Amino acid sequence: MKIVFLMSDNAGTAGRHELLNHHPDEYGAILGPTLIELQQPAYRARQIAGWVHERFAAGFNAMTDLPADLRTLLDERFSVSPLEMAFQARSRDGTVKHLWRLRDGEQVESVLIPSRERVTLCLSSQAGCALACRFCATGDFGFRRQLSAAEIVAQFRDAELVSRHVFGRGIANVVYMGMGEPMANLDAVLASLSILHGGFGFGARRITVSTVGLVPGIRALAARPEPFRLAVSLHAPEHSLRQMLVPIEKRYPIPDLFAALREYQEAKGRRITFEYTMIDRVNDSVELAHSLADLLQDLDGFVNLIPYNPIPGRDWRPSPAERIEAFVGALESRGVEAAVRRPRGRDIAAACGQLRLEREGMEVEERVEGLDGES
Ligand code: SAH
């Protein structure tokens with residue numbers, strides 16, 4: 001009895017069917033037997049989907065226009081979020097990082113990044129990552145497990161409420177640039193895209209999937225009817241250097257990657273963003289800028305240059321301003337558009353490549369306290 005009590009009291013306990021894994025079109029089939037059991041009309045399924053996707057209900061008890069016996073039975077059988085907020089920290093530059101605890105105790109992070117006119121959510125697609133890019137803290141940490149579609153979507157759903165509360169506006173853009181490699185968790189990521197778009201009505205053009213260059217994933221995204229955006233983490237325009245920085249280059253070398261990107265562009269007609277982490281004297285020479293321009297010659301591409309954000313255990317430094325300027329100058333002289341991005345949220349370890357779990361309770365508590373007293 002005690003165990004049953006604990007389980008039904010805990011929003012997000014395993015054993016219940018997680019609704020956030022599903023597109024609203026599936027709600028009728030999933031909820032049908034429960035509705036029939038209580039002689040409830042079929043339209044209740046749409047009503048419940050509305051509560052989940054439009055009204056952001058935290059649980060079935062919040063669904064006040066449902067009969068009480070239905071709410072009780074739904075709560076026994078289903079759940080509407082697999083996440084628990086483990087902590088939240090706010091950076092001096094306004095960035096808000098969340099650490100989410102999943103049902104099995106794994107933890108992932110997402111980051112809300114405000115700019116003058118919009119808020120961008122950077123979310124995670126895996127707990128950890130198997131791809132071991134040399135400059136990435138998540139890669140150092142290794143792979144823990146795949147996230148479900150619900151665990152991806154719930155980062156959006158929960159962060160949207162925080163965004164409205166903290167910034168007075170909802171999320172305008174979603175980028176799959178947190179922990180993990182989205183295209184190494186393709187089924188869940190594609191399902192999450194469907195739910196964000198078809199459930200939450202989030203515009204496909206406002207969602208960017210960032211990949212280290214997994215060719216099957218790029219093809220799968222190209223095959224989707226919706227115009228989701230694609231970003232590719234390139235970091236080097238030449239095979240030997242890229243395979244040192246991004247080991248998956250061995251499996252999907254640049255010529256294969258670019259063949260897939262050309263296919264993507266033919267299918268979608270969309271500009272592709274290339275991310276390029278600038279590491280001092282490693283990948284930031286003017287010669288490499290020209291090789292990059294050569295690669296992008298027959299593509300509609302845009303280059304985001306991200307100064308390397310130092311992680312422990314490497315003696316690399318970010319490229320200094322003058323090397324970045326020379327690199328940008330070379331790209332522009334070749335007609336390639338580029339922008340330099342400053343990592344945001346450095347003081348709370350929320351910047352590019354810095355997302356990693358901090359399990360030490362002390363540190364977490366300190367940061368929670370720091371939230372309201374943010375300067
Ligand atoms: N696996 C996906 C998404 C996660 S990384 C991908 O590789 O695209 C999101 C971006 O942050 C990538 O472009 C990644 O290369 C970059 N990044 C990772 N570590 C970084 C670091 N230490 N400094 C700057 N950018 C980094």
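The values are calculated or read from the model by the stated rules, or taken from the named source; none is laboratory data. All figures in this text were calculated on a predicted structure; none of them were measured in a lab. Every residue, glycine as well, gets a Cβ built from its backbone with ideal geometry; the counts of neighbours run over all protein chains shown. Each accessible area value is taken on the protein alone, full model and side chains, heavy atoms only, with ligands, DNA and RNA left out. Shrake-Rupley method; radii C 1.70, N 1.55, O 1.52, S 1.80 Å.
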Cα gyration tensor category, rounded, prolate or oblate, for the range 16-79 with a/c compared to 1.5 = rounded
Using only Cα atoms, find the angle between the long axis of helix 68-77 and the longest principal axis of the chain, and express it within 0 to 90 degrees, rounded to the nearest 10.
-> 50 degrees
Per residue, in Å², the accessible surface of the range 16-79 once ligands and nucleic acids are set aside, probe 1.4 Å = 49 Å²
So how exposed is Asp347, as accessible area in Å² (1.4 Å probe, rounded to 10)?
-> 60 Å²
Identify which of Ile30, Ile279, Ile324 has the largest mean-square fluctuation in a Gaussian network model of the chain, with springs joining Cα atoms closer than 10 Å.
-> Ile30
Mean separation of Cα contacts under 8 Å, 6 or more apart, over the residue count of the range 16-79: relative contact order % = 43 percent
Relative to the longest principal axis of the C-alpha atoms of the chain, give the angle of the C-alpha long axis of helix 361-372, reported between 0 and 90° and rounded to the nearest 10°.
-> 90 degrees
How large, in percent, is the carbon and sulfur part of the accessible surface of the chain at a probe radius of 1.4 Å?
-> 51 percent
Most to least packed among 230-241, 335-346 [average Cβ atoms within 10 Å] = 230-241, 335-346
For the chain, built as a Gaussian network whose Cα springs stay under 10 Å, the top-fluctuating residue of Asp75, Asp298, Asp158 | Asp298
Cα shape, the range 95-185, gyration tensor, a/c 1.5 rule = prolate
Among His290, His17, His165, determine the one that fluctuates most according to a GNM of the chain built with springs between C-alpha atoms less than 10 Å apart.
-> His165
In whole Å, how far is the Cα centre of the range 168-201 from that of the range 289-327?
-> 26 Å
Counting only protein heavy atoms and rolling a 1.4 Å probe, one gets per residue an accessible area for the range 104-200 in Å² of 33 Å²
From the square roots a ≥ b ≥ c of the eigenvalues of the alpha-carbon gyration tensor of the chain, which class results: rounded (a/c under 1.5), prolate (a/b over b/c), or oblate?
-> prolate
On Cα atoms only, tilt of 149-167 relative to the major axis of the chain in degrees | 90 degrees
